[in-house]
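What follows is a set of notes on a single structure, which appears directly below.
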Amino acid sequence: IEKVEWSGDAELLAGLQLQGSLGSGLILPQLPLTATDGQEYSLYLTVTDSRGTRVTSERIPVRVTQDETSFRSWINVINDDVQVEDGNFVISTPLPAGEEGKVIEWHYVRERSEEEWTSLKPRHIKYQSDMPGLAFKALGGTERDGHWVERVLVTHIGDDARSLKLHIEASGPDDKHPVKGTVLLQAQSDSIAQKVTSVEVLFTPGTEEANGSVTAPVIGTEMRARTLCVNNTDCTDAFNYQWEISDEMKSWQSVPGATKATWLIPYSLNGEPLQNKYIRVRIISDKENAKSSTAASDAN
C-alpha cells in the first residue's frame with residue numbers, strides 16, 4: 001500500500017488527526033443541543049498500491065450519540081417580573097385573587113455555555129403545590145423566537161398572604177435529564193386595597209406638534225403616580241409601584257426597574273418604540289409592611 005485516504009462526511013473528517021494513516025485517531029463531532037437521538041455519519045477508506053490501483057471500502061457507519069456530560073439542563077422562568085433568590089424564581093408582582101391569576105412562562109433549557117444554549121420542548125411536565133387555594137392550569141407551549149416556551153396559569157382563592165409555591169418538574173424531549181424548579185408568588189392582600197381610595201397617573205400632555213395628541217404623554221417626559229388614601233390624604237410615598245405598558249390593554253408588560261412613584265418614559269424598551277403604547281401604574285406593596293394591593297391606574 002502506497003497511499004491511504006479517508007473520505008466521508010465533513011463533520012467526521014474535521015476530527016481526523018492523521019489523514020494518511022490507517023491508525024489515525026478520530027475526534028467525534030459534538031451533536032447540536034437540539035439532538036435527541038444519535039446521528040450516523042459515513043466514512044470511507046481508499047488505498048492505492050504500488051501499481052496505482054485504487055480500492056475504496058464500503059461505507060463505514062459511525063454512530064455518534066449525545067455526550068450527556070457536555071451540557072446541563074434546567075428550568076428558567078422568563079416572566080418580566082421574576083428574580084432568582086436562593087435558587088427559587090420569585091415573582092415580584094402580587095398574584096391577583098380569583099380567576100384572573102397570572103400566567104407563568106418558562107423554558108426547559110439545555111446549555112453548554114452562556115453563549116451556547118437552547119430551549120427544548122419538554123416531556124412529562126408536572127405542576128405541584130401544597131398551598132391551600134392555589135390552583136394551576138397547564139396552557140401548553142409554543143415556539144417563540146426559536147425557543148420553546150411553556151405556560152401555566154396560576155390562580156389563588158383565599159386570604160393567605162404567605163408566599164405561595166408552585167413546583168415544576170419536567171424531563172427532556174428524549175425523556176431524560178429531569179429537572180425541577182420552584183416559583184414563589186405573593187398573594188394580594190386586601191388590607192392595602194381598603195386603605196387606597198384612588199390611584200391616578202399625572203403627566204404633562206403633549207401637543208399636536210410634539211406627538212400628535214393633546215391628551216397623551218410625550219416620550220422622554222416624566223409620569224407620576226398620585227395615590228389617595230382614606231379621607232383623601234395623599235399617601236403616594238407610602239407604597240412601591242410597578243409601571244406597565246400594553247399595545248391594546250389586553251396584556252400588560254412590566255417595565256424592569258420602574259417601581260417608584262415616578263417614571264421617565266424612555267424612547268424605546270427592549271428595542272421597541274413606546275409611541276402609541278398604553279401605560280398604567282399599579283401599587284405592588286406597602287413600604288412599611290410589604291403587603292400588596294390591587295389598586296391601579298391607566299394612561300395612554
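Things worth noting here:
- Search result, residues across region 204-227 that are surrounded by 17 or more Cβ atoms within 10 Å (Cβ to Cβ) and at pLDDT 90 or above: Met223, Ala225, Thr227
- Meets criteria (assigned by TED's automatic domain parsing to the domain that holds His147 and of a type in the set (S, T, N, Q)) for Ser57: no
- With respect to the conditions (1) closer than 21 Å to Gln253 by Cβ; (2) touching an Asp or Glu at 6+ places or on another chain (Cβ under 9 Å); (3) surrounded by 14 or more Cβ atoms within 10 Å (Cβ to Cβ), Thr142 lacks only one, and its number is (3).
- Residue selected from region 161-196 under the condition in contact with a strand residue (DSSP E or B) (Cβ under 6 Å, 6 or more places away or on another chain) and surrounded by fewer than 15 Cβ atoms within 10 Å (Cβ to Cβ), by the criterion modelled with the lowest pLDDT: Ser163
- Checked against (1) closer than 30 Å to Lys121 by Cα; (2) free of Cβ contacts under 8 Å to residues at least 12 places away in the same chain; (3) hydroxyl-bearing (Ser, Thr, Tyr), Thr53 meets all criteria but (1).
- Condition check for Ser113: of a type in the set (Ser, Thr, Tyr), assigned by TED's automatic domain parsing to the domain that holds Glu85 and either surrounded by 13 or more Cβ atoms within 10 Å (Cβ to Cβ) or in contact with a helix residue (DSSP H, G or I) (Cβ under 6 Å, 6 or more places away or on another chain) (or both): no
Quick grid of which residues meet (1) free of Cβ contacts under 8 Å to residues at least 12 places away in the same chain; (2) closer than 18 Å to Arg151 by Cα:
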| position | (1), (2) |
| --- | --- |
| Asp86 | yes, no |
| Thr93 | no, yes |
| Pro96 | no, yes |
| Lys102 | no, yes |
| Glu105 | no, yes |
| Ser113 | yes, no |
| Pro122 | no, yes |
| Tyr127 | no, yes |
| Pro132 | no, no |
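- Residues of region 3-27 that are of a type in the set (A, V, I, L, M) and in a loop (DSSP other than H, G, I, E, B): Ala14, Leu18, Leu22, Ile27.
- Selected residue [at pLDDT 95 or above and either farther than 29 Å from Leu166 by Cα or surrounded by 11 or more Cβ atoms within 10 Å (Cβ to Cβ) (or both)] from Ile27, Ile75: Ile75
The values are calculated or read from the model by the stated rules, or taken from the named source; none is laboratory data. A quick note: this is a predicted structure, and the numbers were derived from the prediction, not measured. Cβ coordinates were reconstructed from backbone atoms using ideal geometry, including for glycine residues, and neighbour counts include every protein chain displayed.
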